[in-house]
Amino acid sequence: MVKDESVWWTSLLQSPTLSIMDVHSMPEHSIVTVSGHMCMEEKKVRSEIRWLLIIMILDRTGQIEIRSWTHTIADFSIYREKPILLKRVRVTAYAGTKMIELIDGGGTVVENHFPHAADLSSFWKEPALSL
């Protein structure tokens, strides 16, 4: 990586955390930091033995799906049902729906101890509103 690119790439780790609602308004291919409370599943794609990891994160503003073809449930099992912070993820869309992709090769940084983790835990424990 060229020095200027390296500085830019490293600086992305200091980007402010966006709400999920704000991520939905970002242009595709943006590199952002987002946090939420995590749920996950793995899906077999068509008849191929190729697993697509789907992680759903939620915050007070909404939810968004995170996908990866190279990560597994085992990679994220310690974060299940807990707050998670994802630095340097790529905003993308499929069939008009915004989602996030993990960046391979040390691109995405995952943390579970961050300033507003307690608020996300409190949000998760709040009773659902009945309609």
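What the table shows:
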{"quantity": "Among residues of the stretch 71-115, those that are over 21 Å from residue 11 (Cβ atoms), among the β-branched types (Val, Ile, Thr) and touching a Gly at 6+ places or on another chain (Cβ under 9 Å), counted", "calculated": "1"}
{"quantity": "Among residues of the stretch 1-34, those that are closer than 25 Å to residue 55 by Cβ, part of a helix (DSSP H, G or I) and of a type in the set (Asp, Glu), counted", "calculated": "1"}
{"quantity": "Every pair of residues 6+ apart whose Cβ atoms lie under 9 Å, when the first sits in the stretch 105-123 and is over 10 Å from residue 85 (Cα atoms) and aromatic (Phe, Trp, Tyr) while the second is surrounded by fewer than 15 Cβ atoms within 10 Å (Cβ to Cβ) and modelled with pLDDT of 85 or more", "calculated": "123/60"}
{"quantity": "Hits in the stretch 73-121 (condition: among the charged types (D, E, K, R), under 15 Å from residue 52 (Cα atoms) and in contact with a Lys or Arg (Cβ under 9 Å, 6 or more places away or on another chain))", "calculated": "101"}
{"quantity": "Subset of the stretch 75-131 [over 19 Å from residue 27 (Cα atoms), surrounded by fewer than 16 Cβ atoms within 10 Å (Cβ to Cβ), modelled with pLDDT of 85 or more and among the aromatic types (Phe, Trp, Tyr)]", "calculated": "114"}
{"quantity": "Scope the stretch 68-96; condition over 21 Å from residue 115 (Cα atoms), β-branched (Val, Ile, Thr) and in contact (Cβ under 8 Å) with a residue 40 or more places away in the chain; matching residues", "calculated": "91, 92"}
{"quantity": "Residue selected from the stretch 57-84 under the condition polar (S, T, N, Q) and assigned to a loop (DSSP other than H, G, I, E, B), by the criterion farthest from residue 127 (Cα to Cα)", "calculated": "70"}
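The values are calculated or read from the model by the stated rules, or taken from the named source; none is laboratory data. In this text the structure is predicted, and so the values were computed from the model without any measurement. All Cβ positions, even for glycine, are placed from backbone atoms using ideal geometry, and neighbour counts span all protein chains on display.
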